[in-house]
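Let me begin by presenting the structure, written as structure tokens, before commenting on it.
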Amino acid sequence: MAKRPYRVALNGYGRIGRCVLRALHERGAAAGLEIVALNDLADQASIEYLTRFDSTHGRFPGEVRVDGDCLHLNGRCVQVLREAQPESVDWRGLDIDLVLECSGVYHTRADGERFLAAGAPRVLFSQPMASEADIDATVVYGVNQQVLDGSERLLSNASCTTNCSVPLLKLLNEAVGLEYISITTIHSAMNDQPVIDAYHHEDLRRTRSAFQSVIPVSTGLARGIERLLPELGGRIQAKAIRVPTVNVSCLDITLQTARDTSAEAINRILRGAAEAGPLQGLLAYTELPHASCDFNHDAHSAIVDGSQTRVSGPRLVNLLAWFDNEWGFANRMLDVAGHFLGVCTEQKTINRPF
């Protein structure tokens, strides 16, 4: 008899929440997860419409309709809630195993405990938390999911840029040693930027039109990497630039290696990791003449463009890694959720009947 799917709920149904739902639909029963509820302040008509049609990822591949408080997806009902505060939701009454927090507005342990106090058994956040003390574990799938033992209540899926960079940096640090690292994130526009200039953000650059300029913004990427790879602490700098595209971003990574190397040697390491080992399916490698739009709806955490690998002298390496900042990250949330709930079952912190 097949195991009952783990029951999960979405809190927040914006870009990541909708991508998580779509990605789970595309994976089907093999994912072992079922979204049974979503909580968002949007009206029912908007939820139905934005589930059915997506400017970036296309039409939903199946039936979508709303009937009362039920979002029907191919005959399955996802209960729709409209509560502004996590403690207003009866998470316990939903009989769920995990909340996927996709609103992006919660960053502290106190925030997470509001979900737990309202009956949520566990929470996986779609954003980095304010500090290590605010979370039981930050997970980058393919790198450190094995640290989970089932006792955790609050998890973070890190960020899309951390999910792209950490596997690459860990791999290359083990292969050639990394002395210093500088990363520039070239990121698609996001919904914290206006279409035209507007008063809305304390970062004055983010008051400018997202589709008329290339805009430098602040980033916590270096701090996020150091949380996952403390051995690189104090040796990473990062900056971020938003560009006028709607999806797919890239990292321009400069590395000073501890040992002499070459572009051919670096590409051989990256190609090999993409073809076999723990990063297979998470890391991809290409030397084709791609543009960013080629990676829309690509589920990999990182796609290394080997045609852009450069080595100056024997130890200064430059890489280009693409990633779909929406779809890749949403798929990693599902990977972490499935792995974590499997660990919880093995450790008997939850029970799922067969």
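Throughout, read-outs are computed from the coordinates displayed, never taken from laboratory work. Note that the structure is predicted; figures quoted are calculated from it, not measured. With ideal geometry, Cβ positions are generated from the backbone for all residues, glycine too; neighbour counts draw on all protein chains shown.
Across region 190-267, how large is the tail of the calculated P(r) beyond 16 Å, expressed as a percent of all Cα pairs? That fraction is 63 percent.
At a Cβ-Cβ separation cutoff of 4.7 angstrom, cysteine residues of the chain with no neighbouring cysteine are Cys19, Cys102, Cys160, Cys164, Cys250, Cys293, Cys344. A convex hull fitted to the Cα coordinates of region 228-354 yields 171 cubic angstrom per residue. Taking the Kirkwood radius as Rh and the Cα radius of gyration as Rg, the chain has a ratio of Rg/Rh equal to 0.97.
The base-10 log of I(q)/I(0) for region 314-354, evaluated at q = 0.21, 0.30 Å⁻¹, reads -0.74, -0.97 [Debye formula, identical scatterers on Cα atoms, solvent excluded]. Here the relative contact order of region 16-129, from alpha carbon pairs under 8 Å that lie six or more residues apart, stands at 22 percent.
When the alpha carbon gyration tensor of region 147-187 is reduced to an equivalent ellipsoid, its three semi-axes come out at 25, 16, 7 angstrom, largest first.
What the pair-distance distribution of region 160-325 shows, using all Cα-Cα distances binned every 10 Å from zero, is 10, 38, 34, 14, 3 percent. When only Cα pairs below 8 angstrom with a gap of at least 6 residues are kept, the chain shows a relative contact order of 17 percent. Summing charges over all other residues whose Cβ lies under 13 Å from the Cβ of Asp252, with Lys and Arg as +1 and Asp and Glu as -1, gives +1.
Overall dimensions of region 6-135, expressed as equivalent-ellipsoid semi-axes from the Cα gyration tensor (√(5λ), whole Å, largest first), are 24, 15, 14. Taking each DSSP H run with n ≥ 4 as -39500 (n - 2.57) and averaging over every residue of the chain yields -8000 deg cm²/dmol at 222 nm. For region 35-110, the spread of Cα positions along the three principal axes, ordered from largest to smallest, is 38, 27, 22 Å.
Put simply, the convex hull of the Cα atoms in region 1-40 casts, on average, a shadow of 2.7 nm². Give the lysines whose C-alpha is closer than 18 Å to that of Lys3, dropping any in the same chain fewer than 8 places away, or say none. Reachable lysines: Lys348. For region 159-221, the orientation-averaged shadow of the C-alpha convex hull comes to 5.1 nm² (one quarter of the hull surface).
Extension gain, Asp192-Leu41: 0.36 nm per intervening residue step, less the Cα-Cα distance, totals 52.6 nm. In terms of the mean number of neighbouring beta-carbon atoms within 10 Å, the peptides 241-253, 257-269, 7-19 order highest first as 7-19, 241-253, 257-269.
Hydrodynamic estimate: the Kirkwood radius of region 110-207 over Cα pairs, inserted into Stokes-Einstein at 10 °C and 1.306 mPa s, corresponds to D of 97 µm²/s.
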